[in-house]
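Right, one structure below, let's go through it.
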Amino acid sequence: MTAETSSTNYSNLASEDQIERSVKALEANNIHVLVAENGADAKKMALEIIPPTADVFTATSVTLQTLGINEELDKSGRFNSVRARLGKMDPKTQNREMQKMGATPEYMIGSVHAVTETGQVIIASKTGSQLAGYVAAAAHVIWVVGTQKIVPTLEDGMRRLEEYTLPLENARSLEAYGIKSSINKLLIVNREFMAGRTTMILVKEKLGF
C-alpha cells in the first residue's frame with residue numbers, strides 16, 4: 001500500500017480537540033508542548049529556545065528544511081552549529097569523533113513521524129544516527145511537528161509510518177541520494193524521564209510527512 005492508496009488520509013491536519021487531547025497527554029508524559037498557528041511562529045519559537053552559545057545539532061528533517069530552521073541554525077553564523085563543524089571534518093579519519101559530536105549536543109532539533117493522542121511519539125530511521133540524541137545523549141531535544149502527524153493510537157501511528165510516511169520518504173531519498181529508505185530502526189517514546197528536557201512544537205500546518 002502506498003501513500004496514494006491508503007484508506008486513511010494521513011495528510012489531514014488534526015482538529016482542535018485532537019490537538020488538545022495530544023497536548024494534555026504529552027505534558028503528562030513530561031514532554032512540554034508549544035502550539036504554533038503557522039510555520040513562521042514555529043520557527044520563531046524554536047530559535048528562541050536555543051541559546052546562541054549552545055552546541056546545536058539539526059537532524060535531517062523535511063519539516064526543518066521547509067521552515068528554514070536548519071538554514072538559520074547551520075548557515076547564519078548566529079548559532080554554534082555542530083553540523084557546520086562536522087562539514088569541515090574528514091569521515092575517513094574522524095568518523096568516530098563525528099559520531100560522538102552528532103549524538104551528544106546540548107540541543108538537538110528535528111521532527112517525528114507520528115504523535116498519538118495518548119502522548120506517545122514514533123520516530124523511524126534508516127541509519128539510527130539521530131536516535132541516540134533523542135533517547136538520552138542530547139541535553140535538550142526539540143521536535144517541530146505538523147499536526148497532520150497526530151493519530152489516535154500507537155497502532156494508527158505505526159500504520160501511518162508504514163503506509164504513508166515510508167513511500168514519501170522513499171521518493172525523497174531516491175531523488176536526493178539515489179537509494180530507497182527503509183524502517184531499519186524504530187524509536188517509541190512513551191514518556192520522557194527528565195522533565196524539561198524535551199519540547200514539542202505542534203504546528204497547525206502540514207509540514208513534512
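Just so it is clear, none of the values below were taken in a lab; they were calculated from the coordinates. These numbers were taken from a predicted model, which means no experiment stands behind them. FYI the Cβ positions are ideal-geometry reconstructions off the backbone, even for glycines, and counts take in every protein chain you see.
Dipole magnitude for the chain: about 720 debye, using +1 per Lys or Arg Cβ and -1 per Asp or Glu Cβ, origin at the Cα centre. Spatially, the stretch 15-31 and the stretch 159-209 are offset by 19 Å when compared through their Cα centroids. Across every direction, the projection of the convex hull enclosing the Cα atoms of the chain has a mean area of 11.2 nm². In this structure, the amide hydrogen of Ile150, modeled 1.01 Å from its nitrogen in the peptide plane, lies closer than 5 angstrom to those of Ala14, Val115, counting only residues at least 5 positions away or on a different chain. Converting phi to 3J(HN,Hα) with the Karplus coefficients 6.51, -1.76 and 1.60 and the offset θ = phi - 60°, the stretch 142-147 yields 10, 10, 10, 9, x, 6 Hz in sequence order, with x at every glycine or proline.
Each stretch of four or more DSSP H residues adds -39500 (n - 2.57); spread over every residue of the chain, this sum gives -10000 deg cm²/dmol at 222 nm. According to the Cα-based calculation, Rg over Rh for the stretch 19-137 is 0.98, with Rh computed by the Kirkwood formula. Highest mean packing comes first when the peptides 51-61, 197-207 are listed by Cβ atoms within 10 Å, giving 197-207, 51-61. Each residue, Glu20 and Ala54, gets one label point 7 Å from its Cα in the Cβ direction; the gap between the two is 3.1 nm.
Check the stretch 83-209 and count each lysine pair with an alpha-carbon distance under 16 angstrom, considering only pairs eight or more places apart or from different chains. Step by step, the pairs that qualify in the stretch 83-209 add up to 6.
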